[in-house]
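A quick write-up on the structure given underneath.
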Amino acid sequence: MPTTNSSPAPLSPEKLRLAINLRLGMLGCASAGGDDEVDMAGIAAPLFAQQRELSRRLAQQLPPVDERIQHFLNTYLAETGPAPRLPSRTFILDRPGIARELSLPVDGDTVDSPLLKSYRLQNGVLHNPANDRRTTQGVFHIAEGGLPVPDDKLAVPKLTFSRLLDLAVRHPADLLRLPYTAGRPSPAECIVSLLLRPLVVPAVPGFIGEKRMEIRFFAPGSLVSNLDFVEGIFGNAGDPFLAENDAALDVDGWTGHTGCVILAPHLVGVRKHLVGLPHWDLATPRQRRDGMCWKTEDELYNGGSAFKVCARDARGVMVTLIADNYYGYCKKEVKTQISYAANLFGLAEEEHAGGALVFPSYDLGEDFSGYTRAGDASYTVATVIARDPELWAVQAEGHAISTQDVDTVLVPEETHFNLRKQSISWRGVDGTGREIKLLAGKTYIRPGGYSVHMEPVRGERGQWRLVGTVPETTLCHKPSTVSGGGKSEISKAISDAILPGHVFVADHDKDMEAVTQLLERDYSDRFLDPARAGKDLRPVLSIERTLGSVIKLLTPSRRDYTPVYNSWLASIPQHIKELVFVIKRHHRPDWAGNWRAHFSVDTINGRPGNELKLDGRKLIVNTLRVGYEEDGSWRVFGLRHDFHPAAKVQMEDDITASVVAPIAPQVPGIGAPVSLKFVQNCEALLFQRPDDAIHRGYDKQAEADISTPGTFLSNYAPLTTGDALAFIEDAVGFSAYTAPMQAVIRKAAANTTNASPAYFVSSAHPRIVGGKPSKNPRYLQVRPDVANPKATALAYLGLRLSRRLAADKPVLTPVNVVVPGRRNNPPEPGVRALCCFNPLHFLELPELFMEFISSMTGKSPSTTGAGSEGALTKSPFNALPPVIDLNAALVSAILTGHDVFLSSAGCVGPKVRVDHDVSLLVPEVFSRMSAAERAAPQLIAEGCFEKLLDFEHRGKTVRASRLGYRITTRFVRIYFGRVFTHPHVVFTDEMLRPELQDIDIFADGVDTIVTTHQRVAESYFADGSIEQAIPPLRALLEIMAKGQTSAGHGLDAPEVRGLFGREQMLASDWYQARLDAKQKNETTLWSHHVKSLEGILDQEGYAEVVTRLSLKLRLIHAKTELERVQSPAYRQSLEGTLGVHPL
């Protein structure tokens, strides 16, 4: 199961305030709190004075992590003079929760500054920066020296970086003021600091253990909320002065890389000439291009706009100054430094990705006994209990109850569930009947892992249904997904988008007669292929025919069915087909052909009604939105009656650590040895932008999250009791909210005395910016897999049972499907068209990596522009030349061999807006396909995907082949037919072939792609990084920039396509060099570990630390590992891994 970085336990509110005042006293600041807290601080005053004197005498003493950073600065900046010193006296945030408490006044609910307005809320805290969103254009600056500066970044002279650093650690007094002491006679002024240990390499049992880097954050006191923000996401690694928190002593868990981030928003007011930039006349061409020079002395650095500047080299230390207080910049800087560490460490990648384990679920109706593994002796209650006896309490009837969760019940494979009788029955080993009561709130799981539970039916009170969930999962991985491309949606529940309704007939008797004709028809003449004609004689209601089979039967297919049959299908009214599906879904063999007796309508005012009932109960039909019509109305389609939203365990959302391992044990469906990709979320909290929450009641998860006490929010309106009363008076609008948000509003309305906290936030009310609601409201969401541990544990239990794994064995869940997302947009003033993709495309590796290299995007609510987001969507977050990331990603893709499918968000063609509707559907569809069905060559051979070809339009070649393959009506009919009752109408011909909407816009969109390919690729030649590209990547960059490779080959040439073969890569010298470099790096790292431990063991005064942390044993272990990584066997074990880019 996924893990998060452990942090010290949080303190109670009383102890938290006391801890704050003690730390303020140690810094020489006045206390702020109640009398008891002030008295305690007073008693400790002599100790504080003594501590401050010791600190003054040891002014140069830094914690070990800061010493590593300072040593890097001293050597990196040696040629510019003495390096600026890191702050030695800071308010260290050594416990979770201290930053949150410091971010607001001890006795107030709001604090205001030019950079930030903060509010204490009933449902958490609200921090609104001066600007609600940022552009990434021109923001990332990199100091020269060490590793090359990519062409898409701004190059900064070392002297300038040194002077900016000197200014960064000398904040103005107003920035240093702690919000906690706001309004006090002597408000505290200090720098706050935090230690993080973010994940870089996920653990894969049998291959590698978890690896983390270390990052130090420094911020002026007024921006302590930024550290509360990153602490929530990445955890708190404790006091950096303590030996147990020293990463250098964590020989198994430290990658050897160190980061530092200093928040310094005052740097936006610095003048260029004061930080050592040259005059225009003395500047180089690049300095003139990057604006790193001046003509007049009043010019501000970076034009007075926000920026970040970093210094780094191959030694693995990176220092970044951020001249802003935007929360997203802080999170993304951690992402940048994780990426830096992953690329230097090797084996792993940092990916801009979303992803989830997806377990298909089904509406089983009221009676169920299928999907068993009966007859397999390894799938019995007895074998499960024998495998983990401590986890199950055996019951007299022969079932067992989990000792970890009393709501999880183990029942035999051959079990019959009857909702009407509310019973679960089976035969015991002695042949006698056994029965227990079927209860709500319980999950019944079979020895094979298939689980069943009962739940109420949405849309009809008093009705319930059985829901079954398969045990094996599909890990859908959504990497390199541009902003607004549906990265988060892949792990969201589709249930919020489902609209329940009832089943209606136009004329009961007439409609039922039409249904009877369809049920009794002979369908054996439908096939276009004469060899299949007359052979399929199964009746519609036969138990040999599934609901899916009936849906296919009544869905037109030009490929499979005769024109006459297709014309006949087109003549059948949709509501008649829907009735057939309803009857098939609910039909039972014991009805003995008398199905009509079970379906009826009420008599209303002496006339038959129109609402269909089954045995007197109303029938529910669910629909789902898939896009909008041109007038803005919803395109809504009926879901299959056995469809239920898949169960999901979120695995990724934005910052993903991944590793490619050359192993395949204990993973079903893996035959010959291959390389598998494993992913893990680096974040405990997710910085979500709930676009749909502005519609009250639509995004139920967001409303539940935002209603939770303690939520961190940004860019929302601070609302008061008066607002709450007004909301309640608007009865219609108030009733649209879900219950959790209604409860928050009612509580706020009841606060007539303005007691603290006096504010609250509504999910539907972003702050107003420029007269309009902000399009970038954000909140920190507890990761769903963490927030719902019961569901997560149940999912992994099903996997264990299916794979017959004991509780102490690892459950491996490698990536199964790769489905990146793209953001499309119609043409707008100043924004070219990017809407030539249909809902789903397949791209072979050459075309795919052209897409990944450029990472084009349409307009997104979270950014201020559109265009290329850089290689793998990481341009703003990559401190190394992007070719290094691309090399690793391409090696990974070749090793794992995944077929990659791109889904569309925003729009499909210029006329059909889809938002994230397709993104939500992708995991539902792919999880209901087998691995063989998902194989792209098979899908192409079956006509499910069609290849796009270049064509001429208005005298120009439209290079549509860059778009790869796209889904056809056949794919929609077969695979979307596992979700929808009428799949062929979900995507129109104009959606599947967007050129039919407007050929000129289609051609312009393709041209946008091709010209962006060329422009982006040319930058790799401009900065020389083309020389670092591995051969297949270099070939692509040459083709993108110049139309052909240096050897004269085009994209379709066998010489180019062959470069992407797995065996050819494994045998290449360049791949072997990556493995050699990794072995060399590991030798260097473990040599450093040995040297560090020996250094501590030789120092006086460390005996207690040596004993407490077992450092002698760690030294023995380090020496053993050093010997292992130098061996030929270790070098051989790297085959099938990413290795590392040789620097």
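The values are calculated or read from the model by the stated rules, or taken from the named source; none is laboratory data. It should be emphasised that the depicted structure is a prediction, and the values quoted were computed from it without experimental measurement. Every residue, glycine among them, receives a Cβ derived from its backbone with ideal geometry; neighbour counts consider all protein chains shown.
Values for this structure:
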read-out	value
Residue that is part of a loop (DSSP other than H, G, I, E, B), surrounded by fewer than 20 Cβ atoms within 10 Å (Cβ to Cβ) and either of a type outside the set (Phe, Trp, Tyr) or at pLDDT 95 or above (or both), where the choices are GLN1072, GLN1064, GLN1044, GLN1014	GLN1044
Tally, over the range 546-574, of residues that are closer than 21 Å to HIS641 by Cβ and either exposed (fewer than 14 other Cβ atoms within 10 Å of the Cβ) or under 39 Å from the mean Cα position of the chain (by Cα) (or both)	13
Matching residues in the range 422-438 - criterion: being more than 41 Å from the chain's Cα centre (by Cα), more than 15 Å from ALA374 (Cβ to Cβ) and part of a loop (DSSP other than H, G, I, E, B)	ASP430, THR432
Selection count where residues are hydroxyl-bearing (Ser, Thr, Tyr) and under 18 Å from the mean Cα position of the chain (by Cα), scope the range 776-811	2
Any hit, the range 1021-1033, residues being touching a residue at least 24 places away in the same chain (Cβ under 8 Å), among the β-branched types (Val, Ile, Thr) and touching a strand residue (DSSP E or B) at 6+ places or on another chain (Cβ under 9 Å)	no
So ARG962, is it touching an Asp or Glu at 6+ places or on another chain (Cβ under 9 Å) and either modelled with pLDDT of 95 or more or not assigned by TED's automatic domain parsing to the domain that holds PRO556 (or both)	yes
Options GLY1005, GLY943; residue that is small (Gly, Ala, Ser) and in a helix (DSSP H, G or I)	GLY1005
In the range 265-282, the residues that are in a helix (DSSP H, G or I) and more than 40 Å from the chain's Cα centre (by Cα)	HIS273, LEU274, TRP280, ASP281, LEU282
Any chance THR1137 is crowded, with 18+ Cβ neighbours inside 10 Å and closer than 30 Å to VAL149 by Cα	yes
Members of the range 91-104 found to be surrounded by fewer than 21 Cβ atoms within 10 Å (Cβ to Cβ) and assigned to a loop (DSSP other than H, G, I, E, B), listed by number	ASP94, PRO96
Pairs, first in a loop (DSSP other than H, G, I, E, B) in the range 223-252, second modelled with pLDDT of 95 or more and of a type in the set (Gly, Ala, Ser), C-beta under 6 Å, six or more apart	VAL251/ALA1118; ASP252/GLY209
Selection count, the range 906-929, where residues are modelled with pLDDT of 95 or more and either assigned by TED's automatic domain parsing to the domain that holds TYR698 or of a type in the set (Gly, Ala, Ser) (or both)	3
In the range 738-768, the residues that are under 16 Å from ASP691 (Cα atoms) and surrounded by fewer than 17 Cβ atoms within 10 Å (Cβ to Cβ)	ILE768
Pairs where the first residue, in the range 324-340, is among the acidic types (Asp, Glu) and the second is at pLDDT 95 or above and part of a helix (DSSP H, G or I), C-beta under 6 Å, 6+ apart	ASP324/PRO265
Residue list for the range 440-485, filter: touching a helix residue (DSSP H, G or I) at 6+ places or on another chain (Cβ under 8 Å) and assigned to a strand (DSSP E or B)	THR443, ILE445, SER451, THR469, THR474, CYS476, LYS478
Leading residue by the ranking (surrounded by the fewest Cβ atoms within 10 Å (Cβ to Cβ)) among those in the range 121-136 that are in a loop (DSSP other than H, G, I, E, B) and in contact with a strand residue (DSSP E or B) (Cβ under 9 Å, 6 or more places away or on another chain)	ALA130
ALA440, sole failed condition from (1) touching a residue at least 24 places away in the same chain (Cβ under 8 Å); (2) under 24 Å from THR473 (Cβ atoms)	(2)
Flag if LEU1051 is under 34 Å from the mean Cα position of the chain (by Cα) and outside any helix (DSSP H, G or I)	yes
Residue that is farthest from THR403 (Cα to Cα), among those in the range 777-808 that are out of contact with any helix residue (DSSP H, G or I) (no Cβ under 9 Å at 6 or more places or on another chain) and not in a helix (DSSP H, G or I)	ARG783
Conditions (1) among the aliphatic types (A, V, I, L, M); (2) surrounded by fewer than 17 Cβ atoms within 10 Å (Cβ to Cβ); (3) more than 22 Å from HIS171 (Cβ to Cβ); number of the one not met by LEU199	(2)
Residue among ARG545, ARG559 that alone is free of Cβ contacts under 8 Å to residues at least 60 places away in the same chain and assigned to a loop (DSSP other than H, G, I, E, B)	ARG545
Selection from the range 283-331 of residues that are under 19 Å from LEU147 (Cβ atoms) and part of a loop (DSSP other than H, G, I, E, B)	THR284, MET292, ASP313, ALA314, ARG315, GLY316
Residue match in the range 613-623 (condition: closer than 18 Å to GLN517 by Cβ, at pLDDT below 95 and within 42 Å of the chain's Cα centre (by Cα))	no
Checklist (1) in contact with a His (Cβ under 6 Å, 6 or more places away or on another chain); (2) of a type in the set (A, V, I, L, M); (3) assigned to a helix (DSSP H, G or I) applied to ILE551, failing item	(1)
Conditions (1) part of a strand (DSSP E or B); (2) within 19 Å of ARG800 (Cα to Cα); number of the one not met by ALA386	(1)
Among (1) more than 20 Å from GLN463 (Cβ to Cβ); (2) out of contact with any helix residue (DSSP H, G or I) (no Cβ under 7 Å at 6 or more places or on another chain); (3) crowded, with 17+ Cβ neighbours inside 10 Å; (4) of a type in the set (A, V, I, L, M) - the single one VAL626 does not satisfy	(2)
For ARG966: the one exception among (1) more than 21 Å from CYS907 (Cβ to Cβ); (2) touching a strand residue (DSSP E or B) at 6+ places or on another chain (Cβ under 9 Å); (3) buried (at least 21 other Cβ atoms within 10 Å of the Cβ)	(1)
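Listed here are the residues, each with its yes/no results for (1) among the acidic types (Asp, Glu); (2) at pLDDT 90 or above.
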| site | (1), (2) |
| --- | --- |
| LEU799 | no, yes |
| PHE837 | no, yes |
| GLY858 | no, no |
| GLU869 | yes, no |
| LEU872 | no, yes |
